[in-house]
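One structure is given here, and the rest of the page talks about it.
The values are calculated or read from the model by the stated rules, or taken from the named source; none is laboratory data. Predicted model, so just to flag it, every value in this text is computed and none were measured. Quick reminder, even Gly has a Cβ in these numbers, built from the backbone with ideal geometry, and neighbours come from all protein chains shown.
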Amino acid sequence: MKRILSLTFVVFTFYLSGCMESKKATSSAISFADNIVVAHRGAWKKNHLPENSIASLREAVRIGCSGTEFDVHLTADDTLIVNHNRDYAGLMIEKSTYAQLAATKLSNGETIPTVYEYLTEGIKQKTTMLVLELKPSIIGKERGRQLAEKVIAQVRQLKADRWMMYISFDLDILKRILELEPNAKVAYLNGELSPAQLAPDKIWGIDYHYNVFRKNTGWIAEAKKLGINLNVWTVNDAADMQWFIDQKFDYVTTDEPELLFELIDKKGK
């Protein structure tokens, strides 16, 4: 009898533990906002926030964007930082240390974010995808590979992979990302290759300037047929936005996310 009771207790304990783990997994599930809006360098323009700042990231999340894009470079002392241009405060990022760059604050008083800081903030929420652009190196291809490797190492450290999409103008950087993370969402930016040319490399998406798609409209249907996701940058005019909405793009990257939301809302009414 004691043995039966003991066995029953063990079975019940395993069942209860399984239920708790299932509940924990459900509560931690990520569900990105169901819209096409990707805030370019965060949602910065309307409220005059610094581009690529923690504040612009938070604002993109607050207004409900499905994604927020940010740009990443590697400093001379191997720190991953968030900034669009190759230079910051008159210093070339790849040839400067993080301490040198951090000495100059952003316009809102923030220190130029490291990728660690940006991702740490980004994974506090579960509705907005983090679209990380890996900037091509001015030093050389090997430095670009190192950038990809350090980005993946940082994402793994923070367990942030479920939030991530990776984009780059450098196809070799994206290929290195896929070598390290075969299931990663990677999208190519440069615009000279058709979806069919990219398909053999397992590229998840094409993310081209809007003029590229206007000139190569056949690529839109081709991408959809091949199961390649469609994103476009940087669309700030209402008429252009409407065109890409009508073409049923998966994402539209914009400096004007609020305007894009207005157009989407009008179409839904």
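Structure above, values below:
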{"quantity": "Tabulated pairs, region 38-57, first among the β-branched types (V, I, T), second assigned to a loop (DSSP other than H, G, I, E, B), C-beta under 8 angstrom, 6+ apart or interchain", "calculated": "V38/C65; V38/S66; V38/Y251; I54/E110; I54/P113"}
{"quantity": "Every pair of residues 6+ apart whose Cβ atoms lie under 8 Å, when the first sits in region 177-192 and is without any contact (Cβ under 8 Å) to a residue 60 or more places away in the chain while the second is part of a loop (DSSP other than H, G, I, E, B) and among the aliphatic types (A, V, I, L, M)", "calculated": "I177/A184; L178/A184; V186/I203; A187/I203; Y188/I203"}
{"quantity": "Selection from region 67-122 of residues that are of a type in the set (S, T, Y), surrounded by fewer than 16 Cβ atoms within 10 Å (Cβ to Cβ) and without any contact (Cβ under 8 Å) to a residue 40 or more places away in the chain", "calculated": "T97, T104, T120"}
{"quantity": "Matching residues, region 133-156, being closer than 23 Å to Y208 by Cβ and of a type in the set (D, E, K, R)", "calculated": "E133, K135, K141"}
{"quantity": "Some residue of region 227-234 being surrounded by fewer than 17 Cβ atoms within 10 Å (Cβ to Cβ), more than 21 Å from the chain's Cα centre (by Cα) and of a type outside the set (G, A, S)", "calculated": "no"}
{"quantity": "Residue list for region 112-139, restricted to those being among the hydrophobic types (A, V, I, L, M, F, W, C) and in contact with a Gly (Cβ under 8 Å, 6 or more places away or on another chain)", "calculated": "M129, L130, V131, L134"}
{"quantity": "Yes/no for T128 being touching a helix residue (DSSP H, G or I) at 6+ places or on another chain (Cβ under 8 Å) and either surrounded by 16 or more Cβ atoms within 10 Å (Cβ to Cβ) or of a type outside the set (S, T, N, Q) (or both)", "calculated": "yes"}
{"quantity": "Scan of region 139-173 for residues that are part of a loop (DSSP other than H, G, I, E, B) and within 17 Å of L189 (Cα to Cα), ordered by number", "calculated": "F169, D170"}
{"quantity": "Lone qualifier among A33, A43 - being modelled with pLDDT of 95 or more, surrounded by 19 or more Cβ atoms within 10 Å (Cβ to Cβ), in a loop (DSSP other than H, G, I, E, B) and touching a Cys at 6+ places or on another chain (Cβ under 7 Å)", "calculated": "A43"}
